[in-house]
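Chemist: Structure below; questions to follow.
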Amino acid sequence: MGRIIVGKASDISPGKMKKVTADGKEILVVNVDGIYCAIDDTCTHAGASLSEGTLDGSVLTCGWHGAKFDCKTGKLSSFPAKIKDLGLYKVVIESENIFLQV
Ligand code: FES
């Protein structure tokens, strides 16, 4: 398991997202009202990049077919079909920098 720097915490303001590639994975770092979360960027339905979706509080809606995931848990919260939850990654803030544990 490694630790990868994502950038400055101030670069991702509340309600914003940033897609990063870490350890060969595409990961979406999200600021939910000052709490940083990191989840898989690839939708488990048909592979859309969730960075192109919309964020409302901690609920991220996929831009392709509307699956909703909770950014804090990675869990699917709404979709007609049963699809997998998203992978969740540990985020550490140190000296104003955001690190991912991958
Ligand atoms: S690809 Fe995300 S809901 Fe279909």
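Coordinate-derived values only; no laboratory data. Predicted model only: the values in this text are computed from it and were never measured. Don't worry about glycine lacking a Cβ; one is built from the backbone with ideal geometry, like all the others, and counts go over all protein chains shown.
Chemist: Applying the selection to segment 11-38, what residues are part of a strand (DSSP E or B), touching a Lys or Arg at 6+ places or on another chain (Cβ under 9 Å) and among the β-branched types (Val, Ile, Thr)? Spell out the reasoning first.
Modeler: Restricting attention to segment 11-38, the residues satisfying the condition of being part of a strand (DSSP E or B) are 17-22, 25-32, 35-38.
Subset that is touching a Lys or Arg at 6+ places or on another chain (Cβ under 9 Å): 26-32, 35, 37-38.
Selection gives 27, 29, 30, 32, 35.
Chemist: Mind listing whichever residues of segment 77-87 are surrounded by 14 or more Cβ atoms within 10 Å (Cβ to Cβ) and part of a loop (DSSP other than H, G, I, E, B)?
Modeler: Our first condition is that a residue be surrounded by 14 or more Cβ atoms within 10 Å (Cβ to Cβ); within segment 77-87, this holds for 77, 79, 83, 85-87.
79, 83, 85, 86, 87 - these are the residues of segment 77-87 that are surrounded by 14 or more Cβ atoms within 10 Å (Cβ to Cβ) and part of a loop (DSSP other than H, G, I, E, B).
Chemist: In this structure, does residue 90 turn out to be basic (Lys, Arg) and in a loop (DSSP other than H, G, I, E, B)?
Modeler: Values: basic (Lys, Arg): yes; in a loop (DSSP other than H, G, I, E, B): no.
Criteria not met by residue 90.
Chemist: Turning to a different aspect of this structure: So which residues in segment 39-76 are in a loop (DSSP other than H, G, I, E, B), surrounded by fewer than 19 Cβ atoms within 10 Å (Cβ to Cβ), at negative phi and more than 10 Å from the ligand (Cβ to nearest atom), if there are any at all? Show your work before the answer.
Modeler: Kept after step one, since they are in a loop (DSSP other than H, G, I, E, B), are these residues of segment 39-76: 41, 43-48, 53, 57-58, 62-67, 71-75.
Restricting the remaining residues to those that are surrounded by fewer than 19 Cβ atoms within 10 Å (Cβ to Cβ) gives 45-48, 57-58, 63-66, 72-73, 75.
Applying the additional criterion that residues be at negative phi yields 45-46, 48, 58, 63-65, 72-73, 75.
58, 72, 73, 75 - these are the residues of segment 39-76 that are in a loop (DSSP other than H, G, I, E, B), surrounded by fewer than 19 Cβ atoms within 10 Å (Cβ to Cβ), at negative phi and more than 10 Å from the ligand (Cβ to nearest atom).
Chemist: Considering only residues that are within 15 Å of the ligand (Cβ to nearest atom) and farther than 21 Å from residue 57 by Cβ, which ones fall in segment 84-102?
Modeler: 84
Chemist: Being free of Cβ contacts under 8 Å to residues at least 40 places away in the same chain and surrounded by 17 or more Cβ atoms within 10 Å (Cβ to Cβ), is that true of even one residue in segment 1-13?
Modeler: no
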